[in-house]
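Asks: Supplied in C-alpha cells, the structure appears directly below.
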Amino acid sequence: MLSELTKTPEDIQQLDQKAITLFYKALKDGKEKVNNIRLMVVGMHGMGKTSLVNNLIWEFRNKTHTQQPLSTEGIDIHRCKLMTDGDWCLDEELKRVKYEERIQKLVCNNHMSKDTNSATAFNDETANSNERITSTEDRETQTQTEPLQTFKESLALQTDEILQHGIKFAKKMLETTSDNSEKGKALLDESKSEITVSVWDFAGQTLYYSTHQFFLNKRSIYVVVMDMTKCLEDVVSKSDGIGIWCGLVDDCTYLDIFKFWLNAIHMNSDYQSGKRTIKPTVILVGTRKDKMKGSAEEIEKKMNMYFDDALCSFDNNSPIFEHIYRSRFLVNNLSPNDSSFGELQKEIISLAAQQDYWDEEYPVRWIHMEQTLDKMRAEKLLIVKMKDVEEQDLKNVHTLGKEELIMFLELQHKQGNIIFFNSGKLKDFVVLAPQWIIEAFKCFIPHNQKIEATVLKDWEEYKKHAILKPNVLREVMKNSPPYIHQYEDAVITYMEYLNVIAQPLPNADALDAGIPHTYERVREETSGLYDYNPKMLNCHIVPCLLSRAPRPIDSFTSPDKPRTPVLAFVFCGKFMPPSFFHRLVAVCIRAWPISQERDQYCLFNGLAVFDLNSIYTLRIWYIDYIIYARIVCCSENAKLDNFVWRIKEVRRTLKKSLKDFVHQSSPVFDEYIQCPDMKVSLHNKGLFRVKQFHYDTEISCPVCSIPHTVKRSDARKHWFNKMLDQNDTDVEVN
Ligand SMILES: Nc1nc2c(ncn2[C@@H]2O[C@H](COP(=O)(O)OP(=O)(O)OP(=O)(O)O)[C@@H](O)[C@H]2O)c(=O)[nH]1
C-alpha cells in the first residue's frame with residue numbers, strides 16, 4: 001500500500017524483500033522527489049555535438065565559464081540546473097546550497113509531521129506490515145538503522161549552520177543581482193528547483209562499445225546529432241575519424257553511424273518485448289543549418305527528409321522507431337541566440353517528465369552520502385576504494401551502515417551516476433566518474449606510447465597478436481595517468497569483467513610439458529562464468545586488438561571429418577557490434593584452451609579456434625551481424641554422438657554469454673542451423689531458424705544444388721536437446 005503514496009523507484013521493485021524493507025525504513029525519515037535528467041549527446045566526431053552542448057548551457061553560450069569540466073577525451077559531463085526562464089546553467093556553485101535546502105526541507109517536514117502525523121503513521125503501519133513479513137531479516141537491518149529520533153536531533157543541531165549558509169548564499173546572489181545580472185536573479189528565484197540536467201557529451205568512439213552499458217541506459221534522454229551537409233551514403237573518410245570509428249565496418253557511411261547509435265541505444269534500453277515499455281527518448285538534431293540552401297521551410301523539409309530516409313533503412317517492424325521522439329530540430333551552432341536551442345531545452349524537459357522514472361521518491365537521509373561522493377569528485381577523484389566510502393559514511397551526520405550504503409550505491413549505479421557492483425573483487429571499488437572506465441579501456445589500445453627498449457619486442461607482439469605479457473601490462477600502466485596506474489587492480493578487474501581482456505588456459509601440450517594442473521578456479525558472480533586463473537600463464541589476450549586475417553573458414557574444417565552443423569546466432573535488426581564477438585572470444589578463452597598452429601594461437605580478426613579436448617575443436621567466427629559456431633573432430637573414427645553433452649554445454653555457454661552482453665530482456669538474436677548438407681559454409685546462406693522446426697518436421701533447402709529437405713531431427717542433432725520435439729517453446733530453446 002505504501003507504493004500507492006510513494007512513487008517507488010522501479011529499480012527498488014526489483015530488489016529482494018530485505019532490501020525493499022530497508023528502503024521503506026529509510027523513507028520514513030523523509031523522502032524527496034528526484035528529477036535528474038541524463039542527457040546523452042551522441043553522434044560521430046565532428047558532427048557538432050560539443051557546439052550544441054555549449055549552446056544549451058548559459059555559461060558556455062555566453063562564454064563566462066573558465067573552469068574546465070571534469071573531463072576526459074571520452075566524455076564531458078556538465079551538471080546543470082534550470083533557471084526561471086527555462087534556460088540551463090551550470091550547477092557547480094549551487095551544489096552546496098542545494099544540499100542544504102534539501103536538508104532544511106527534511107527538518108521542516110519532520111517538525112510538521114510531529115503535529116500532523118497521519119502520513120508517518122501510515123508509513124509506520126505499512127512498514128509494520130513489512131516487518132511482519134520479514135521479521136527475522138528485519139531485526140538485522142534494524143540494528144543497523146539509527147533511530148529516527150537521533151537522526152532528527154542531530155539534524156536539528158545542524159540547522160543553524162545550514163541557515164547561516166543559506167543566508168550567505170542569498171547575500172552572494174543579491175550582490176550578483178546588483179551587478180544587474182539577469183542570470184543572478186533567475187538563479188536566486190530558481191534555486192529551489194529540483195530538476196537537474198546532466199549533459200553528457202560523448203566523443204564518437206564506437207570502439208568503446210563494451211563500456212556503453214555504463215552510459216547508455218533507459219534512464220537517459222538522447223540527442224542524436226547528424227551533420228545535414230553530409231550525405232547518408234557518403235563513406236566516412238579517414239580524416240573524419242575512421243580511426244575512432246575503428247572498423248565497425250570497412251567503408252562505413254554516415255548512415256551506418258546513425259544506425260549504430262540508434263541500435264546501441266536500443267540494445268541498452270532494457271526493452272522488454274511484449275510489455276510495450278518503450279517510450280520515446282531519442283531526439284534527432286541536424287546541425288549546420290547555416291550551410292543548407294533554400295528558404296526556412298525548404299531546409300526544414302530537407303532535414304525531415306534526411307531523417308526519414310535514414311529511419312527507413314530499418315526494417316518495417318523495427319523497435320527502433322518506438323524510441324524516436326516526434327519533434328526534430330535543426331540548428332545553426334554558430335548562432336547561439338537561435339531560438340531553437342531554447343525550444344530544444346524545453347522539449348528535453350517535457351520528454352523527461354513523461355518517463356516512468358519521473359518524480360520517483362528517495363530517502364532524504366541519502367543526501368549526506370550524495371554530498372560525500374560529490375566532495376570526492378570535487379577533489380578530482382575518479383575512482384575510490386569502497387573502504388574509503390565506508391569511512392566517510394561513518395563521519396556523516398547520519399551513517400547509513402553497510403547494507404543501506406550498498407543499496408544506495410547500487411541505485412546510484414543503476415541511475416548511471418557511478419559504477420558499482422556488489423560482487424567479487426569489483427565490490428572493493430566505487431567508480432565515481434563513469435568515464436574512468438573509458439580511460440581504463442583506452443590504455444590497452446596502442447597509440448603513440450613511449451615504450452622502454454627492453455619491452456619493445458613484446459610490445460610489437462602485443463600489437464601484432466594481442467598477447468599482453470606482464471611486462472607489457474606494466475609498461476601500459478606506467479604510461480597511463482595516475483588515476484589509472486594507482487588502481488591497476490581495479491583496471492584489470494573491470495577489463496576482465498567487461499571481457500576486454502582474458503587470461504588463456506594452458507593447452508594439453510603445455511600440461512604435458514609439466515605445467516601444474518591445479519588451477520585456482522574462481523567463480524566471478526558478476527560474470528556468471530567460471531574463471532580459471534592459471535597463475536603460471538600470466539599473460540592476457542585483448543580480443544578487440546586481434547588483427548591477423550584468418551584463412552577461409554573451410555580450410556579449418558574438412559567435410560570428411562565428423563563435425564556438427566553450423567550453429568548461427570543471427571542478430572535482429574541486422575546489427576551486431578563487433579565487440580560482442582570480441583567479448584565472446586574472451587569468454588571462450590577463459591573456458592577452453594586456445595588451439596595452436598605452429599606454436600601460434602589460432603586467434604584471428606573475426607575467427608577463433610579452441611580445444612574442447614584432444615580431438616574436438618570449436619571454431620567461432622562472425623561476418624557482419626551473424627556469429628557462427630561449429631565443432632569439428634580431427635579423428636575420422638570418433639563419433640560426435642558420444643560428445644553430445646559437451647556440444648550442448650558449448651552452445652549454452654555461447655548463448656548465455658551473448659544474452660549477458662545485451663542489456664535488455666527481449667531477445668536480440670535468434671538461433672539458426674545451416675543446412676547440414678552444405679559442404680562449404682557460406683555466409684547467410686541455407687540458414688534455418690531453429691524455432692521453425694517446432695512447427696515443421698522438415699523444410700526444403702533453397703540453396704543446395706540437389707533439391708532436398710532438412711529434417712527437424714538433423715537440424716537439432718548435436719546442438720539441441722531431443723526433448724525439444726515435444727517441449728520447445730518460443731521463449732527458450734534449451
Ligand atoms: N557552420 C557550422 N559549423 C558548425 C556547426 N556545428 C558545429 N560546427 C563546427 O564543426 C566543428 C566541429 O564541431 P564540434 O562541436 O567540435 O563537433 P563534435 O561532434 O563535438 O566533435 P568531437 O568533439 O570531435 O566528437 C567546429 O569547428 C564547429 O565550429 C553548425 O551548425 N554550423
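Since every read-out is calculated from the coordinates, none of them should be taken as a lab result. Keep in mind that this is a model prediction, so the values were computed, not measured. We place every Cβ from the backbone using ideal geometry, glycine too, and count neighbours over all the protein chains shown.
Asks: Rounded to the nearest 0.05, what FRET efficiency do residue 682 and residue 457 have when you use their Cβ-Cβ distance and R0 = 51 Å?
Replies: For R0 = 51 Å, the calculated efficiency reads 0.80.
Asks: Pull out the extension gain between residue 387 and residue 598, defined as 0.36 nm times the separation in residues minus the alpha carbon to alpha carbon distance; nm, one decimal.
Replies: Contour length minus the Cα-Cα distance gives 71.1 nm.
Asks: Kindly rank 363-372, 350-359, 687-696 from highest to lowest mean number of other beta carbons found within 10 Å of each residue.
Replies: Listed from highest to lowest mean packing, they are 363-372, 687-696, 350-359.
Asks: At what distance in nm do the modelled label points of residue 624 and residue 449 sit from each other, each positioned 7 Å from its Cα along Cα→Cβ?
Replies: 3.6
Asks: Can you flag which of 49/81; 31/63; 230/464; 33/656; 425/656 are past 31 Å Cα-Cα?
Replies: Violating the 31 Å Cα-Cα cut-off are 31/63; 230/464; 33/656.
Asks: Still on this structure, I have one more. Need one number: nm distance between label points at residue 652 and residue 380, each 7 Å from Cα along Cα→Cβ, rounded to one decimal.
Replies: Going from the residue 652 label point to the residue 380 one covers 5.1 nm.
Asks: Would you list the P(r) distribution for segment 312-358, with all Cα-Cα distances sorted into 10 Å bins from 0 and each bin expressed as a whole %?
Replies: 21, 37, 31, 11
Asks: If you don't mind, another one. Local charge sum around residue 584 (other residues, Cβ-Cβ under 12 Å, Lys/Arg +1, Asp/Glu -1)?
Replies: +4
Asks: Still on this model: So which GluC sites (Glu not before Pro) in segment 411-489 pass both tests, a DSSP loop state and at most 14 other Cβ atoms within 10 Å of the Cβ?
Replies: 452
Asks: What net charge is computed for the residues neighbouring residue 681, neighbours being all others with C-beta under 12 Å from the C-beta of residue 681, Lys and Arg scored +1, Asp and Glu -1?
Replies: Result for the neighbourhood of residue 681: +3.
Asks: Follow-up question, since we're still on this one. Compare the peptides 701-711, 653-663, 390-400 by average per-residue count of other Cβ atoms within 10 angstrom and give them in order, highest first.
Replies: On the way: 701-711: 12.5, 653-663: 18.4, 390-400: 16.5.
Descending packing order for the listed peptides: 653-663, 390-400, 701-711.
Asks: So between residue 721 and residue 485, what do we pick up on full extension, going 0.36 nm a residue minus the alpha carbon distance?
Replies: Stretched fully, the residue 721-residue 485 segment lengthens by 80.2 nm.
Asks: May I pose another question? Quick one: if you stick a label point 7 Å off each Cα along the C-beta vector at residue 558 and residue 645, how many nm between them?
Replies: About 3.0 nm, to one decimal.
Asks: Would you mind counting up the charge near residue 49? Only other residues with Cβ under 11 Å from its Cβ, with Lys and Arg at +1 and Asp and Glu at -1.
Replies: Working: positive: none; negative: 76, 201, 227.
Taking every other residue near residue 49 into account, the sum is -3.
Asks: As an exercise, use a Förster radius of 35 Å and the Cβ-Cβ distance of residue 84 and residue 335 to find the FRET efficiency, rounded to the nearest 0.05.
Replies: Taking R0 as 35 Å, the efficiency between residue 84 and residue 335 is 0.90.
Asks: Here is a follow-up. What is the packing order of peptides 335-345, 287-297, taking the mean over residues of other C-beta atoms within 10 Å and listing the highest first?
Replies: Result, highest mean first: 335-345, 287-297.
Asks: Cα gyration tensor of segment 341-475, axes a ≥ b ≥ c as square roots of the eigenvalues: rounded (a/c below 1.5), prolate (a/b > b/c) or oblate?
Replies: It is oblate, given that a/c is not under 1.5 and a/b is not larger than b/c.
Asks: Something else: Pairs 385/442; 279/717; 18/218: which exceed 31 Å Cα-Cα? Before the final figure, lay out the partial values.
Replies: On the way: 385/442 21 Å; 279/717 41 Å; 18/218 25 Å.
The answer is 279/717.
Asks: Using a Förster distance of 41 angstrom, determine the FRET efficiency expected from the C-beta separation of residue 316 and residue 427, and round it to 0.05.
Replies: That pair, residue 316 with residue 427, gives E of 0.35.
Asks: Something else now. ³J(HN,Hα) across segment 320-329 via Karplus (A = 6.51, B = -1.76, C = 1.60, θ = phi - 60°), whole Hz, x for Gly/Pro?
Replies: Coupling constants for segment 320-329: 4, 4, 6, 7, 8, 7, 5, 7, 10, 10 Hz.
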